[in-house]
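One structure is given below, encoded as structure tokens.
The values are calculated or read from the model by the stated rules, or taken from the named source; none is laboratory data. Predicted model, so just to flag it, every value in this text is computed and none were measured. Note that each Cβ is placed from the backbone with ideal geometry, even for glycine, and that neighbours are counted across all protein chains shown. For the accessible areas, the whole protein counts, side chains as well, though only heavy atoms, and no ligand, DNA or RNA atoms are used. Shrake-Rupley method; radii C 1.70, N 1.55, O 1.52, S 1.80 Å.
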Amino acid sequence: MTDAAHKIDALREKIRHHEHLYYVLDAPTISDAEYDDLVRQLQSLEAEHPDLVTPDSPTQRVGGKPKEGFAKVAHSRPMLSLDNVMSEEELRDWDRRVRQLAGPDADIGYVCEYKMDGISMALQYRPGANGSSHLARGLTRGDGATGEDVTTNVRTIRSIPLSVSAAHLKKAGVPSNFEVRGEVVMPLAAFRKANEEREAQGLAPAANPRNYAAGTIRTLEPNIVAQRRLDFYAYFLLTERGEDLLPEQAEALDALTTLGFRVNPHREAMPTIDKVLAFVERAGEQRETLGYEIDGVVVKVNSTQVQQRLGYTGRAPRWAVAFKFTARGGVTQVEDIKVQVGRTGKLTPVAVLTPVSIGGTTVSRATLHNADEIERLGLKIGDYVKVERGGDVIPKVVEVVVDKEHPRGHRTFHFPARCPECHSEIVRTEGEADYRCVNIDCPARLRESLLHFASRGVMNIEGLGEAVVAELLEHKLVRSLADLYALTDADLAQLQHEVVTTDKKTGQQKTRTQALVGPKERNDLLAEIESSKSAGLARVLFGLGIRFVGERTAQLLAEEFGSMDALMAASAEDLERVNEVGPRVSQAIREFFDESRNRDLVRKLDKAGLVMTAEKRKRTSQLEGLTFVLTGTLPNLSRDEAKAKIEAAGGRVSGSVSKKTNYVVAGEDAGSKLDKARELGVKVIDEAGLEDLFR
Ligand code: IVH
């Protein structure tokens, strides 16, 4: 091995080690910056030695798109589902059947695991270099017999090892050909963030983390999958032919952790069904506190020998069962439908419900999204509906319930013809589901804008909640976001609220108005407002409430342009250079800044002393450290376009070929540079080859 190869190998091992600590064990021992630095070192070494780049390198998680959808591939052994039990009695029945079928001499013990609510996945590992093993394939369950090859997408999931070293294989007692099965889940934090983004982009939020994970894993854009932060929990360890690799399920789970997979720590070997029931009960209590969704507990017979003896019924094993939790839903009556105005003027119908307790919280409102949704549900006021809280705080109406106890409602809901707050005209753009209030001065819009601006994750102004904002508007102390920064203690002292007091002697009730914010809280609030000035460009951009500009887009824009001035001066074309910004988003940004009152607002915020700059992102993209030489006529790109593209991705374009050149991009009628490249053994690619590098 050369020096460089050694260095690269050592760096990769180090990076894998830290990724395992971070993504699997949630226990990093170095800072993000130190980690980034290691990755950068590896990237630049790999750029110098492109021949040493291997698919299992930590730099290669996001690769090319699958060209023609996903290929269908047969499973090593069918991926089955589980039979469900819903009660203690049913579980005890199952236990009795297991014992009976296994025979009197069988030693029955169970392993309890959480039933994670995601999608199942089979990962095939095959022999790699130096006795290691590498991820060769990821298959969805499909119809059970054949799955879809989604390898490009599962590779982007950071808790899935791209390779397992010979040492780890040895320690776990596992050959270099093996298969892991488990669940791909979307953690709740990632789900909520994704939905906030969707909302900011005017898209309907995804219904639940499982649907979102399922949709994501079948996306044809690996870089989108990489951003969605999916996770993987392993629960089966099999041979390449799909047979059990170890004699016990509990051992298999431990071996999986040794191999570097994430295995749910909530797992336990249980000798009796009583102990299993206690585990189920505890899981039900913990359900609300986990960072991901579970919908039950899976109980498996521990011994794989006994498993084989028990065998299968048509579609499910006899040796395992799912104790399913009841869905977190409830049935209640729709008392009314109200329409709320959001900060972009969007009108959202909301069902006002007879309060009902769902999974420990009282629910009295549920979103109906838009007029189409009400029509789809066939909902009338007075109807009884099923409400679910799926992995999210916002409850959703799933269906209208009609039976003997739940008669139909009678009042048809009509979408208002005018804005419920300012009575201006409302419009519905062709092709869009939402109605919007057209009045930019609609008090509801200003109220919602202020609340958004002040909220956590945006400008973080604690103490600026609904009551304070309502009073600020009532007293006309704030007419735009910028006015927040001119507020004084005397202004805040004017804010009032009504309190009801009872006279101790007479028992009479009296209503008194009183200061809404006391002297100390006023002080704190002003300090909060002051410190929000340094939140930085990304937060201000997000806070402005530009359509389609959510937290992530704001961050990317801030890193790309570095200042509000540069961003405001950017053309639609400039804006679209930012990853994830397409014509729709760029147009919304342009429209926002073309409006003089918005430019005015930005000027005032600037004058108030808000930080309107951000650190520009260093261009450490795909082509970082690579040198290109262009020669001949390319079929689609002009010389300048090709150069701009390479440079935008961090590469360098040089005029002459030398040993240091990494690639010569050759088109038609390429001349002496091509000969020189061949002479020096420099890699020659065509335009398509160049495009491949950007993927
Ligand atoms: S065992 C044949 N273990 O639940 C054995 N499944 O209907 C089936 N699931 O398709 C899988 N957590 O997607 C097993 N700890 C766990 C699980 C689990 C979630 C899912 C899996 C499966 C479905 C069962």
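Taking each residue of region 21-45 that is free of Cβ contacts under 8 Å to residues at least 40 places away in the same chain and looking for partners that are among the polar types (S, T, N, Q) and surrounded by 15 or more Cβ atoms within 10 Å (Cβ to Cβ) with beta-carbon atoms closer than 8 Å, six or more apart or interchain, yields 39/59; 42/57; 42/59.
I'd like the residue in region 539-586 that is outside any helix (DSSP H, G or I) and more than 21 Å from residue 223 (Cβ to Cβ) and, out of all such residues, is modelled with the lowest pLDDT. Walk me through it before giving the result.
In the first step, residues of region 539-586 are kept if they are outside any helix (DSSP H, G or I); the result is 545-550, 562-563, 570-571, 577-582.
The next check asks that each one be more than 21 Å from residue 223 (Cβ to Cβ); those that pass are 545-547, 562-563, 570-571.
Details: 545: 89, 546: 90, 547: 85, 562: 94, 563: 96, 570: 95, 571: 94.
Result: 547.
Anything in region 120-137 that is within 16 Å of the ligand (Cβ to nearest atom) and modelled with pLDDT under 95? List them, or say none.
Those that are within 16 Å of the ligand (Cβ to nearest atom) and modelled with pLDDT under 95: none in region 120-137.
Might you let me know whether region 207-223 holds any residue that is within 15 Å of the ligand (Cβ to nearest atom), out of contact with any helix residue (DSSP H, G or I) (no Cβ under 7 Å at 6 or more places or on another chain), assigned to a helix (DSSP H, G or I) and open to solvent by less than 40 Å² (accessible area, probe 1.4 Å)? Yes, there is a match, as at least one residue in region 207-223 is within 15 Å of the ligand (Cβ to nearest atom), out of contact with any helix residue (DSSP H, G or I) (no Cβ under 7 Å at 6 or more places or on another chain), assigned to a helix (DSSP H, G or I) and open to solvent by less than 40 Å² (accessible area, probe 1.4 Å). Before we move on, is residue 255 open to solvent by less than 60 Å² (accessible area, probe 1.4 Å), modelled with pLDDT of 90 or more, assigned to a helix (DSSP H, G or I) and farther than 22 Å from residue 134 by Cα? No, not satisfied. From the list 296, 330, the one residue that fits, being surrounded by 15 or more Cβ atoms within 10 Å (Cβ to Cβ), within 15 Å of the ligand (Cβ to nearest atom), in a strand (DSSP E or B) and not acidic (Asp, Glu), is 296. Within region 539-558, if we keep just the residues that are open to solvent by less than 50 Å² (accessible area, probe 1.4 Å) and more than 19 Å from the chain's Cα centre (by Cα), the residue that is farthest from residue 436 (Cα to Cα) turns out to be 558.
When 346, 380, 338, 324 are screened for being within 16 Å of the ligand (Cβ to nearest atom) and not polar (S, T, N, Q), only 324 passes. Selection of region 90-119 for residues being within 16 Å of the ligand (Cβ to nearest atom), farther than 14 Å from residue 321 by Cα and either of a type in the set (Val, Ile, Thr) or without any contact (Cβ under 8 Å) to a residue 60 or more places away in the chain (or both) yields only 119. The residues in region 175-195 that are open to solvent by 10 Å² or more (accessible area, probe 1.4 Å) and touching a strand residue (DSSP E or B) at 6+ places or on another chain (Cβ under 7 Å) can be counted, and the count is 5. Among the residues of region 255-268, those that are closer than 19 Å to residue 22 by Cα and either of a type in the set (S, T, N, Q) or over 27 Å from the mean Cα position of the chain (by Cα) (or both) comprise 257, 258, 264. Scan region 443-458 and give yes if some residue there is assigned to a loop (DSSP other than H, G, I, E, B), under 22 Å from residue 364 (Cα atoms) and open to solvent by less than 60 Å² (accessible area, probe 1.4 Å), otherwise no. Taking every residue of region 443-458 in turn, none turns out to be assigned to a loop (DSSP other than H, G, I, E, B), under 22 Å from residue 364 (Cα atoms) and open to solvent by less than 60 Å² (accessible area, probe 1.4 Å).
Is it true that residue 165 is open to solvent by less than 20 Å² (accessible area, probe 1.4 Å) and over 30 Å from residue 275 (Cα atoms)? Please lay out each step first, then the result.
Working: open to solvent by less than 20 Å² (accessible area, probe 1.4 Å): no; over 30 Å from residue 275 (Cα atoms): yes.
Against the criterion (open to solvent by less than 20 Å² (accessible area, probe 1.4 Å) and over 30 Å from residue 275 (Cα atoms)), residue 165 does not qualify.
Filtering region 423-435 to residues that are touching a strand residue (DSSP E or B) at 6+ places or on another chain (Cβ under 8 Å) and either under 16 Å from residue 369 (Cα atoms) or open to solvent by 30 Å² or more (accessible area, probe 1.4 Å) (or both) leaves 425, 427, 428, 429, 434, 435. Annotation note: Cβ proximity below 7 Å between a residue of region 538-558 that is on the phi < 0 side of the Ramachandran plot and a residue that is in a loop (DSSP other than H, G, I, E, B) and among the basic types (Lys, Arg) (sequence gap 6+ or interchain) occurs for no pair. Of all residues in region 522-536, at least one satisfies being open to solvent by 70 Å² or more (accessible area, probe 1.4 Å), closer than 30 Å to residue 591 by Cα, part of a helix (DSSP H, G or I) and of a type outside the set (Gly, Ala, Ser).
When you go through 287, 315 one by one, which is the residue that is modelled with pLDDT under 90, within 15 Å of the ligand (Cβ to nearest atom) and under 30 Å from the mean Cα position of the chain (by Cα)?
287
Provide a single number: the residues in region 659-684 that are farther than 16 Å from residue 638 by Cα and either of a type outside the set (Asp, Glu) or touching a His at 6+ places or on another chain (Cβ under 6 Å) (or both). Give the derivation first.
Start the filter on region 659-684 by keeping residues that are farther than 16 Å from residue 638 by Cα, which leaves 659-663, 671-684.
When the remaining residues are screened for being either of a type outside the set (Asp, Glu) or touching a His at 6+ places or on another chain (Cβ under 6 Å) (or both), the result is 659-663, 671-674, 676-678, 680-684.
The number of residues fulfilling the criteria is 17.
All conditions in (1) over 17 Å from residue 343 (Cα atoms); (2) in a helix (DSSP H, G or I) hold for residue 463, with the sole exception of (2).
Among the residues of region 157-171, those that are within 32 Å of the chain's Cα centre (by Cα) and part of a helix (DSSP H, G or I) comprise 168, 169.
In the condition set (1) among the small types (Gly, Ala, Ser); (2) touching a residue at least 40 places away in the same chain (Cβ under 8 Å); (3) away from the ligand (no atom under 16 Å from the Cβ), residue 81 is compliant with all but (3).
Looking for something surrounded by fewer than 18 Cβ atoms within 10 Å (Cβ to Cβ), out of contact with any Gly (no Cβ under 7 Å at 6 or more places or on another chain) and part of a strand (DSSP E or B) - is there at least one such residue anywhere in region 368-387? Checked against the condition, which is being surrounded by fewer than 18 Cβ atoms within 10 Å (Cβ to Cβ), out of contact with any Gly (no Cβ under 7 Å at 6 or more places or on another chain) and part of a strand (DSSP E or B), region 368-387 yields no hits at all.
Just one of the listed residues (304, 289, 239) is more than 26 Å from residue 99 (Cβ to Cβ), touching a residue at least 24 places away in the same chain (Cβ under 8 Å), surrounded by fewer than 22 Cβ atoms within 10 Å (Cβ to Cβ) and among the hydroxyl-bearing types (Ser, Thr, Tyr), and it is 239.
Selection of region 81-114 for residues being surrounded by 15 or more Cβ atoms within 10 Å (Cβ to Cβ) and among the small types (Gly, Ala, Ser) yields 102, 106, 109.
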